[in-house]
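K.L.:
First the structure, then my questions, so here it is.
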Amino acid sequence: MKIIREGVCGQTRSGKPVERYILEDGGLRAAVLTYGGILQNLWVPDRQGNLRDIVLGCDTVADYQAQDKFLGALIGRYANRIERGRFSLDEETYALYCNDGRNHLHGGKKGFDKRIWDAETQADGLHLRLTSPDGEEGYPGTLKTEVVYALADGALSISYWAQTDADTLCNLTNHTYFNLAGHGSGDVLAQEIRLEADLFTPADEESIPHGEMAPVDGTPMDLREFTPIGAQIDADFAQLRFSGGYDHNWVLRGIPGILRPAAAARCAESGITLTCETTQPGIQFYAGNFLDGSTAGKDGVRYPRRSGFCLETQAFPNSVNCPEYPQAVLHAGETYRHQTIYRFGIE
C-alpha cells in the first residue's frame, strides 16, 4: 500500500487547515481528509477495468461544512440515536446535546465528523487520532480514539480503537454512501443488497428502538437474499413509512467481536460487487432517503434522493436505554477495538 500526503486542501470556517491523503493498493485508490476523517473518494475498477469513484462526497471543505448528511465521515462518540439525549451510567444521569429534534444523533452538535483529526502515515495504513475531552457534547470521560484506514487485496479496512479515563459510551462508525455505478449515477434502487441478519430492531416514528428485536420473516426487512434496493422500499409497512424507506439497524448473525460477514451489494451496470465484514453486533442499512439534491457534491453533481446507500456497522441505536441490547459502555481501563472491511470485486 502506498500513501501520499497531498498536503493542505482547504481550511475550516475557523481557519483550521485540512489535509488530504491518497491511499493506493493494486486497483484501489482512496482519498481521506483530516476534517471528519472523511473518505472523500474511493476509486474501484468496473467490469471494463475503468476506475469509478463509488462514494458520495464534496469537492471542498466548505461544501462539507455546509452539508448535514455526514457524507463519508467518521462518527462518534455514539453513532446513531440516543433517546432524548439522556442515559444513566454508574448511577449518574447524563444529558447529551439533542441535534435531531428531541434526540441525540451521531455524537451531537459537533461530533467526530466535524473535528480535525491528527494524521500519521504508517506501514499498515493512515492513522487518524482524536481526543474528545470530558464533558464534550455531554459525555463523561476523556476519550482517546484512533482510526486506521488501509487498502489491501481489493479491500478497504477501517479499524477503530479507543480508551477512556472514566466510564463512557463509545460506538464508532463510518457514514460513507456507496453508489456502485459511480457517485454521480442517480439512484441506487436497481442495485442489489443482501444482509446477514434474521432480526432487526424496530423503531418508532423518531427512529428510536426500544429494546425489541423482530424477525425479518415475511416483511420487507427480509434482505437475506440479494434484493433490488427499490423492490420493497416503499411497501405499505409501518417501519418503512416511519423512516421514508430503509434506515434501520439489523442484528447481525454470529458473535460480536469476531470478524464475520455482514452485508453484500452488487451493481449489474458496472459489475462492481461489495462485501462487508465487521466485528460489530449491528449494521444500519440506510438507503439515502433524506438526500434531496441540496448537497453540492463532487464534479458539480447534486445528489438526489436515494442516490447512495450506507452500511454503518455499529452497536444498536439507543442501546444504553435498552438493557435487552448489547451494551456500548466503555469502562476506564478497557480498550475499544472494532474493525470493518469492505471488499470489492467484479462479476
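Bear in mind that the values in this text are calculations on the coordinates, not laboratory data. This structure is a prediction, so every number in the text was calculated from the model and none was measured. A quick note on method: Cβ atoms are made from the backbone with ideal geometry, for glycine too, and the neighbour counts reach across all protein chains shown.
K.L.:
When Lys and Arg each count +1 and Asp and Glu each count -1, what net charge do the other residues less than 12 Å away from residue 242, Cβ to Cβ, add up to?
P.N.:
On the way: positive: 241; negative: 204, 205, 206, 247.
Once all neighbours under 12 Å are counted, the net charge is -3.
K.L.:
Give me the net charge for the shell around residue 102: Cβ to Cβ below 13 angstrom, other residues only, Lys and Arg +1, Asp and Glu -1. Intermediate values should be presented prior to the final figure.
P.N.:
Details: positive: 81, 84, 86; negative: 83, 100, 204, 205, 206.
Surrounding charge for residue 102 is -2.
K.L.:
Moving to a separate point now. Where Lys and Arg each count +1 and Asp and Glu each count -1, what net charge lies around residue 215 among other residues with Cβ under 10 Å from its Cβ?
P.N.:
Working: positive: none; negative: 198, 217, 222.
Neighbourhood net charge equals -3.
K.L.:
Check each of the GluC sites (Glu not before Pro) in region 219-278 and keep only those in coil by DSSP with at most 15 other C-beta atoms within 10 angstrom; list them in order. Write out the running numbers ahead of the final one.
P.N.:
Numbers: sites: 225, 269, 277; in loops: 225, 269.
Loop-located and lightly packed - 225, 269.
K.L.:
Relative to the Cα centre, what is the charge dipole magnitude of the chain, using +1 at the beta carbon of each Lys and Arg, -1 at the beta carbon of each Asp and Glu, and rounding to the nearest 20 debye? Mind showing how you got there, number by number?
P.N.:
Working: 32 positive and 47 negative charges, 171 e Å.
Roughly 820 debye for the chain.
K.L.:
Taking the beta-carbon count within 10 Å as an exposure proxy, list 104, 338 from fewest neighbours to most.
P.N.:
Details: 104 28, 338 23.
Arranged by neighbour count, lowest to highest, 104, 338 become 338, 104.
K.L.:
With each run of n ≥ 4 DSSP H residues scored as -39500 (n - 2.57), what mean residue ellipticity at 222 nm is computed for the chain after dividing by its residue count and rounding to the nearest 500 deg cm²/dmol? Don't jump to the answer; show the numbers that get you there.
P.N.:
Numbers: 2 runs with 12 residues, N = 347.
Rounded to the nearest 500, the figure is -1000 deg cm²/dmol.
K.L.:
Also: Which entries in the list 2/298; 2/110; 114/144 go over 20 Å, if you measure between the two C-alpha atoms of each?
P.N.:
Values: 2/298 24 Å; 2/110 32 Å; 114/144 16 Å.
2/298; 2/110, as the Cα separations exceed 20 Å there.
K.L.:
Right, something else. Loop-only trypsin sites (Lys or Arg not before Pro) in region 1-87, please: DSSP not H, G, I, E or B, and at most 14 other Cβ atoms within 10 Å. Before the final figure, lay out each step's value.
P.N.:
Details: sites: 2, 5, 13, 20, 29, 47, 52, 69, 77, 81, 84, 86; in loops: 13, 47, 69, 77.
Those that pass, being in a loop and sparsely packed, are 13, 47.
K.L.:
Distance from the Cα centre of region 201-272 to that of region 2-28, in angstrom?
P.N.:
A separation of 33 Å, based on Cα centres.
K.L.:
When a footprinting reagent is the concern and you count Cβ atoms within 10 Å, what order do 61, 301 take, fewest first?
P.N.:
Values: 61 23, 301 20.
Going from least to most buried by this count: 301, 61.
K.L.:
Can you put 82, 3 in order of Cβ neighbours within 10 angstrom, beginning with the fewest?
P.N.:
Numbers: 82 27, 3 20.
Ascending number of Cβ neighbours within 10 Å: 3, 82.
K.L.:
Continuing with the same structure: What is the Cα centroid distance between region 172-200 and region 277-296, reported in whole angstrom?
P.N.:
7 Å
K.L.:
Indicate the gyration tensor shape class of region 1-60 (rounded, prolate or oblate), computed on the Cα atoms with a ≥ b ≥ c the square roots of the eigenvalues: a/c under 1.5 is rounded; otherwise a/b larger than b/c is prolate and the rest oblate. Provide the component values of the computation, followed by the final result.
P.N.:
Working: a/c = 3.53, a/b = 1.95, b/c = 1.82.
Note, shape of region 1-60 comes out prolate.
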